[in-house]
Amino acid sequence: MSDSPEQVEFDVDVVIVGAGGGGLAAALAVVDSGRSVIVLEKLDRPGGNSALSTGSIPAAGSRLQIEAGVVDSPAQMAADLIAQSGAHEAEGLTRRLAETSAELVNWLMDQHGVRLALITEYKHVGHTVNRLHAPSSRRGSDLVDDLVQACKKSGIDILTSSPVVDLLIEENKVVGVIVEGDRVARYEIRAHSVILAANGFAANKELMGKWLPEVDSIEYFGAHGSTGEALVWGLKLGGYLANQRAYQGYAAVAYPHGSILSWTTVEKGAILVDRTGKRLGDETIGYSGFVADLLTGEPPFFVVYDARIKSIAMIEEEFADLAEMGGAHEYDTLEDLAAYFAIDFTALSETVGIYNTAARLEVEDLFKRKDFDMAPLQAPFVASRVTPGVFHTQGGLAVDLDGRVLRLEGDPIPGLYAIGGVAVGISGAEGGRGYSSGNGLLCAIGLGRLAGLAASNES
Ligand SMILES: Cc1cc2nc3c(=O)[nH]c(=O)nc-3n(C[C@H](O)[C@H](O)[C@H](O)COP(=O)(O)OP(=O)(O)OC[C@H]3O[C@@H](n4cnc5c(N)ncnc54)[C@H](O)[C@@H]3O)c2cc1C
């Protein structure tokens, strides 16, 4: 080993920090390019937030869409995402991820055996056509399992319980990482480039208070590895945060079960009410955007729907589990439902009555909701108690279209890439309203693949 960077012995071509969906996809792209890679994961198993997600990845023009006769294009997808997000600091990245989205899901399925199905029962927030691709179980853990299998087949080492504690820097270039943890003595791995795939900072109270105080008080429901240290390393090297005040929230985390109450319920006609039986806004703005509306009401909150809608949501395993655990009871009358949850019955009955009139298109909805699908709601009624949550942060290090971390001056930090929650998101400049379904995994897995390919060309 020599002190001169030109003569450094590299242990691997690329080091990846974090074994979530993004890191695993990046690793596959590196080995596909014939280069060596290692994935370091600080927790005792791979998965991160990706394993907690529904595993939904948006793509325009995929093989599955063509087979299903869905007409779509990257331009339409980018237009949809930007219509939802509004203007922001990474619109070029939105377009790039849309343009490469079909080859992304085709590559995952055809080259690496990842099992995905096109979701046709619902489009979800921000999409005008069916373009979400997910495991048929709608469990992110299945997606992660398939990615881990693919990595194994490709001979990729994933080292768990291996926290990266800092970057190795020589002459302003990132040349590797330092690993140290309870179960592992301090050591270095040298590489031509490092991809930060460690997700955002939602699990770090201090950074949330500093960078995203708006939602600091809302409970975080993601994986606890998202503690933001990778963002701090990037900032120390001259990187900067973009779209810093954006986040993905979820207005309907089932309480006390802690699982996601499927938003399909809302898209099929459900409403959200608070303790007083009142609605708080147009629920169809999306599960992330509606968090802010919910916070104007009085907790606890409830999603109110009916047995027909429940039967559609039952196709999703997580919802079926919730129903099994008693989180989606049916009630013969609205009065029974109100009595069980101690919601003011008179107010609830008035709310549902007015909403149903709007759903029959007899009057304009109180909150100008336009999409009612299976509503008006009818007996037997169903209600699930929910609470709002933060799922992940959307602000992150500014990157170029291949994930290279940029300095404020616009030049890349040599050897450093960021993807997923470490990198800038594509969900608007601030708040939760700009989030379209699948933006999280698109930035993780989609940008992960692009960064893996680009990093493979570094020497
Ligand atoms: C409940 C829930 C549902 C969601 N549903 C969806 C969905 O359906 N579609 C979608 O697009 N998005 C969804 N999201 C968001 C999505 O899960 C994330 O955007 C995405 O998983 C981020 O992937 P990632 O690879 O960047 O991070 P992660 O999957 O979180 O992986 C990062 C990994 O890095 C590890 N790590 C962190 N720091 C270090 C370190 N210093 N050293 C080593 N390892 C480290 C972490 O432990 C973690 O395992 C959901 C989120 C939640 C919480």
Checklist entry - Among the residues of segment 366-375, which ones are over 14 Å from Leu272 (Cα atoms) and open to solvent by less than 70 Å² (accessible area, probe 1.4 Å)? => result Met374
Checklist outcome for this item: Among Gly249, Gly281, Gly258, the single one that is under 17 Å from Ser436 (Cβ atoms), out of contact with any Leu (no Cβ under 7 Å at 6 or more places or on another chain) and not aromatic (Phe, Trp, Tyr) is Gly249
Checklist entry - Do you know which residues across segment 190-214 are crowded, with 24+ Cβ neighbours inside 10 Å and within 17 Å of the chain's Cα centre (by Cα)? => result Leu196, Ala197, Ala198, Asn199, Gly200, Phe201, Ala202
Checklist outcome for this item: Residue count, segment 10-23, condition open to solvent by less than 10 Å² (accessible area, probe 1.4 Å) and away from the ligand (no atom under 13 Å from the Cβ), comes to 1
Item to check | Residue, surrounded by the fewest Cβ atoms within 10 Å (Cβ to Cβ), within segment 329-359, restricted to residues that are among the hydrophobic types (A, V, I, L, M, F, W, C) and touching a residue at least 60 places away in the same chain (Cβ under 8 Å) | outcome: Ala342
Checklist entry - Looking at segment 145-258, what strands (runs of 3 or more DSSP E) fall wholly within it and have at least 1 residues that are in contact with a helix residue (DSSP H, G or I) (Cβ under 8 Å, 6 or more places away or on another chain) and within 20 Å of Val390 (Cα to Cα)? => result 245-254
Checklist entry - Could we say that Ile426 is β-branched (Val, Ile, Thr), modelled with pLDDT of 95 or more, near the ligand (Cβ under 9 Å from one of its atoms) and crowded, with 23+ Cβ neighbours inside 10 Å here? => result no
Checklist entry - Name the residues in segment 24-67 that are open to solvent by less than 50 Å² (accessible area, probe 1.4 Å), part of a helix (DSSP H, G or I) and more than 6 Å from the ligand (Cβ to nearest atom), would you? => result Leu24, Ala25, Ala26, Ala27, Leu28, Ala29, Val30, Val31, Ala51, Leu64, Gln65
Checklist outcome for this item: Picked from segment 167-181 (must be within 13 Å of the ligand (Cβ to nearest atom) and free of Cβ contacts under 8 Å to residues at least 24 places away in the same chain), the residue most open to solvent (accessible area, probe 1.4 Å) is Glu180
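The values are calculated or read from the model by the stated rules, or taken from the named source; none is laboratory data. Just so we're clear, the structure is a prediction, and the values are computed from it rather than from any experiment. Cβ coordinates were reconstructed from backbone atoms using ideal geometry, including for glycine residues, and neighbour counts include every protein chain displayed. Surface areas here come from the heavy atoms of the whole protein model, side chains and all, with no ligands, DNA or RNA. Shrake-Rupley method; radii C 1.70, N 1.55, O 1.52, S 1.80 Å.
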